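The values are calculated or read from the model by the stated rules, or taken from the named source; none is laboratory data. In this text the structure is predicted, and so the values were computed from the model without any measurement. Cβ placement follows ideal geometry from the backbone for every residue including glycine, while neighbour counts extend to all protein chains displayed.
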Amino acid sequence: MEVTMKDQKLSEIRSSIKKQRRQLFIKRFLANRLAVTGGIIVLITSFFAIFAPFLASYSPYEMEVTSRLVPPSTDHILGTDNFGRDLFARVVYGAQASMGVGISVALITSLLGMVIGLYAAYYKVLDHILMRVCDGLMAFPAILLAIAIMAALGPRLENVIIALSIVYTPYVARVVRSSALVVREQTYVEAMKAQGASTSRIIWFHIAPNTLSPLIIQSTFIFADAIIIEAGLSFLGAGVPAPDPSWGNILFDGKLVIFNAWWMTLFPGLAIILTVLGLNLFGDGLRDLLDPHSKRVKK
């Protein structure tokens with residue numbers, strides 16, 4: 001009976017500590033202006049991407065030749081493009097493509113990078129092999145490697161995700177490996193080995209949780225980079241194929257009439273700038289919250 005009471009008290013104390021930690025994290029997050037500002041921008045962009053069918057009055061594919069290059073007005077709040085398509089509809093539907101690519105690449109690279117980084121850090125033989133492959137991929141500029149892969153796969157949204165996942169997985173693997181190498185040398189890991197714990201248990205239950213903070217931070221920056229690279233690929237004709245809307249191919253159409261229809265480059269350009277800025281601010285804020293050692297000195 002006494003043992004049961006003690007267990008209940010310990011459970012209540014643990015739940016109370018977890019609750020206090022959550023409250024402290026939320027309080028610190030709300031006090032961090034970078035994280036809050038970036039989070040708001042990302043939420044607004046996500047809102048437009050998710051609810052695009054309800055926010056757009058026109059189809060992004062509907063062409064009206066008589067309304068070509070109409071400037072912003074009450075009927076078309078962002079104007080129309082060179083095919084008479086509503087630019088607002090194309091920008092908000094383009095957010096679906098850009099945000100979809102960004103979050104897909106961030107998730108895939110986080111998963112693959114974690115697996116590669118953890119096993120490379122734990123096994124020295126794998127470390128030499130996997131890290132040399134990563135070094136080889138990282139030797140190429142991201143945009144050039146992505147273009148080469150897209151040239152082999154063909155211009156499709158799914159292929160953009162595959163190409164960017166290949167490009168950015170080595171960066172995540174490097175970050176996870178560096179954190180895992182430090183954790184691997186800790187005393188409690190050596191104690192787990194001495195007690196006969198399996199390799200999988202040590203890697204996934206004791207080393208992996210301690211690499212999540214740098215992994216999450218790196219993922220936010222990869223999210224932003226993926227949006228930029230996807231827009232660049234679409235602008236060059238190697239990304240999302242027309243007539244599917246993407247911020248990159250909208251900019252490509254806009255460059256042809258940049259002096260006559262400034263709105264075709266201004267609004268998709270602003271969408272890219274604000275989204276990437278929001279993600280970078282959010283990533284900087286998370287870095288300050290999750291990695292106190294990397295905090296910048298405030299004057």
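Among the candidates ASP244, ASP284, which residue alone is in contact (Cβ under 8 Å) with a residue 12 or more places away in the chain and within 30 Å of LEU212 (Cα to Cα)?
Details: ASP244 fails: within 30 Å of LEU212 (Cα to Cα).
Selected residue: ASP284, the only one of ASP244, ASP284 that is in contact (Cβ under 8 Å) with a residue 12 or more places away in the chain and within 30 Å of LEU212 (Cα to Cα).
Hey, could you check region 229-277 for residues that are of a type in the set (S, T, N, Q) and part of a loop (DSSP other than H, G, I, E, B) and say which is surrounded by the fewest Cβ atoms within 10 Å (Cβ to Cβ)? Outline the logic, then answer.
In the first step, residues of region 229-277 are kept if they are of a type in the set (S, T, N, Q); the result is 234, 246, 249, 260, 265, 275.
Those still in the list that are part of a loop (DSSP other than H, G, I, E, B) too: 246, 260.
Working: SER246: 28, ASN260: 10.
In this case the residue turns out to be ASN260.
Before we move on, is ILE216 buried (at least 22 other Cβ atoms within 10 Å of the Cβ), in contact (Cβ under 8 Å) with a residue 40 or more places away in the chain, part of a helix (DSSP H, G or I) and on the phi < 0 side of the Ramachandran plot?
No: the conditions fail for ILE216.
Residue-wise test of (1) at pLDDT below 90; (2) surrounded by 13 or more Cβ atoms within 10 Å (Cβ to Cβ); (3) in contact with a Gly (Cβ under 9 Å, 6 or more places away or on another chain); (4) of a type in the set (A, V, I, L, M, F, W, C).
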residue	(1), (2), (3), (4)
LYS124	yes, no, no, no
ILE162	no, yes, no, yes
THR169	no, yes, yes, no
VAL172	no, yes, yes, yes
VAL175	no, yes, yes, yes
VAL183	yes, yes, no, yes
THR187	yes, no, no, no
ASN210	yes, yes, no, no
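Tell me which residues, restricted to region 168-202, are among the charged types (D, E, K, R) and not in a helix (DSSP H, G or I).
Pass one, region 168-202, residues among the charged types (D, E, K, R): 174, 177, 184-185, 190, 193, 201.
Across region 168-202, the qualifying residue is only GLU185.
Quick one: count up the residues across region 123-162 that are in contact (Cβ under 8 Å) with a residue 24 or more places away in the chain and part of a helix (DSSP H, G or I).
Summing the residues that are in contact (Cβ under 8 Å) with a residue 24 or more places away in the chain and part of a helix (DSSP H, G or I) in region 123-162 gives 17.
Taking the conditions exactly as written (part of a helix (DSSP H, G or I), crowded, with 20+ Cβ neighbours inside 10 Å and either touching a helix residue (DSSP H, G or I) at 6+ places or on another chain (Cβ under 9 Å) or free of Cβ contacts under 8 Å to residues at least 60 places away in the same chain (or both)), does PHE205 satisfy them or not? Full working, then the answer.
Values: part of a helix (DSSP H, G or I): yes; crowded, with 20+ Cβ neighbours inside 10 Å: no; either touching a helix residue (DSSP H, G or I) at 6+ places or on another chain (Cβ under 9 Å) or free of Cβ contacts under 8 Å to residues at least 60 places away in the same chain (or both): yes.
No, not satisfied.
One line per residue, one yes/no per condition, for (1) in a loop (DSSP other than H, G, I, E, B); (2) on the phi > 0 side of the Ramachandran plot:
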{"residue": "SER11", "(1), (2)": "no, no"}
{"residue": "GLN20", "(1), (2)": "no, no"}
{"residue": "LEU24", "(1), (2)": "no, no"}
{"residue": "VAL36", "(1), (2)": "no, no"}
{"residue": "ILE40", "(1), (2)": "no, no"}
{"residue": "PHE47", "(1), (2)": "no, no"}
{"residue": "TYR61", "(1), (2)": "yes, no"}
{"residue": "GLY84", "(1), (2)": "yes, yes"}
